[in-house]
Amino acid sequence: EDQVTQSPEALRLQEGESSSLNCSYTVSGLRGLFWYRQDPGKGPEFLFTLYSAGEEKEKERLKATLTKKESFLHITAPKPEDSATYLCAVRRQDSGYSTLTFGKGTMLLVSP
Amino acid sequence: ETGVTQTPRHLVMGMTNKKSLKCEQHLGHNAMYWYKQSAKKPLELMFVYSLEERVENNSVPSRFSPECPNSSHLFLHLHTLQPEDSALYLCASSQDLYSRWASGKITGELFFGEGSRLTVL
């Protein structure tokens, strides 16, 4: 059974204080690890897809990395508008459609 | 309209009511999904329709009944719900990959709507 564990559950940062969110996973044949951002009362917004260990992707202050067991979402010099819940998900190997297994998320709060 | 649109955004219903949630996607995708999001829990997959055929039903109680009349529309019919069914119901879509299975890189991103917040009294 696919499993995704995110840590910490909640993280409070000061503006400009860099940090990382962790996503540990077990999946039978990884066919993609996904990061989403979710604002309160809204649907998740797609950020990144990573496919293989060693891969990295960047978007503004966010950088996602992938190893064989976990992924990190690095936040460099965060701003208050980066406050949101960040969700990690993995894709099952044997399906053509995308039944993603999600973690519980990390709630990030960035204070000015 | 662009993306994935869900209506209504908020719904309050009694346990004996019958209501429906609607989802429409404008992305040209051919797979659609219903997820349930409850506090302190991961998103739970409820149903998957691929090429308008239901391909997954993850042990969802029969009081939830999905309908996919075409590749752009998805409904979730609700009847005799329980208070523990109160949650955010999210619709998503993606491009079904079977038709391109052997053709190269797989993407598989889900694109979500804003959700329908359901409260069962």
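The values are calculated or read from the model by the stated rules, or taken from the named source; none is laboratory data. Nothing here was measured: the structure is a model prediction, and the numbers come from that model. As a convention, Cβ positions derive from the backbone with ideal geometry for all residues, glycine included, and neighbour counts pool all protein chains shown.
Could you list, in sequence order, the residues of the range A:14-44 that are farther than 19 Å from B:TYR35 by Cα and either touching a Pro at 6+ places or on another chain (Cβ under 9 Å) or basic (Lys, Arg) (or both)?
Within the range A:14-44, A:GLN14, A:GLU15, A:GLY16, A:GLU17, A:SER18, A:SER19, A:LEU21, A:ASN22, A:ARG31 qualify.
Suppose the filter is at the interface with chain B (Cβ under 10 Å from one of its Cβ atoms) and touching a residue at least 24 places away in the same chain (Cβ under 8 Å); does A:TYR25 pass it?
Considered against the rule, which asks whether it is at the interface with chain B (Cβ under 10 Å from one of its Cβ atoms) and touching a residue at least 24 places away in the same chain (Cβ under 8 Å), A:TYR25 comes out as no.
Select, from A:VAL90, A:VAL110, A:VAL4, the only residue that is in a strand (DSSP E or B), at pLDDT below 95 and of a type outside the set (Lys, Arg).
Only one candidate passes the filter, namely A:VAL90.
Can you name the condition, by its number, that B:SER62 falls short on among (1) of a type in the set (Ser, Thr, Tyr); (2) in a loop (DSSP other than H, G, I, E, B); (3) within 12 Å of chain A (Cβ to nearest Cβ)?
The single condition B:SER62 does not satisfy is (3).
A:ILE75 fails exactly one of the following numbered conditions: (1) in contact with a helix residue (DSSP H, G or I) (Cβ under 7 Å, 6 or more places away or on another chain); (2) closer than 30 Å to B:HIS10 by Cβ. What is the number of that condition?
Here A:ILE75 clears every test but (2).
Considering the range B:1-21 alone, what residues qualify as being of a type in the set (Gly, Ala, Ser) and within 20 Å of A:GLU45 (Cα to Cα)?
Correct list: B:GLY3 only.
For the range A:32-48, does any single residue satisfy the condition of being surrounded by fewer than 13 Cβ atoms within 10 Å (Cβ to Cβ), more than 14 Å from every other protein chain (Cβ to nearest Cβ) and not in a strand (DSSP E or B)?
No, the conditions are met nowhere in the range A:32-48.
Restricting to the range B:17-52, give me the number of residues that are more than 18 Å from A:ARG92 (Cβ to Cβ) and assigned to a strand (DSSP E or B).
So the count comes out to 10.
Output the residues belonging to the range B:73-88 that are under 15 Å from B:TRP34 (Cβ atoms) and part of a loop (DSSP other than H, G, I, E, B).
B:LEU81
Could you run through the range B:47-65 and say how many residues are closer than 16 Å to B:LEU88 by Cα and surrounded by fewer than 21 Cβ atoms within 10 Å (Cβ to Cβ)?
Count: 2.
Within the range A:60-80, does at least one residue satisfy the condition of being surrounded by 17 or more Cβ atoms within 10 Å (Cβ to Cβ), more than 11 Å from chain B (Cβ to nearest Cβ), more than 13 Å from the chain's Cα centre (by Cα) and not β-branched (Val, Ile, Thr)?
The answer is yes, given that some residue of the range A:60-80 is surrounded by 17 or more Cβ atoms within 10 Å (Cβ to Cβ), more than 11 Å from chain B (Cβ to nearest Cβ), more than 13 Å from the chain's Cα centre (by Cα) and not β-branched (Val, Ile, Thr).
To keep it simple, each residue is scored yes or no on (1) of a type in the set (Gly, Ala, Ser); (2) within 19 Å of B:VAL12 (Cβ to Cβ); (3) at pLDDT 85 or above.
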site: B:MET32; (1), (2), (3): no, no, yes
site: B:GLU44; (1), (2), (3): no, no, yes
site: B:ARG54; (1), (2), (3): no, no, no
site: B:GLN95; (1), (2), (3): no, no, no
site: B:GLU114; (1), (2), (3): no, yes, yes
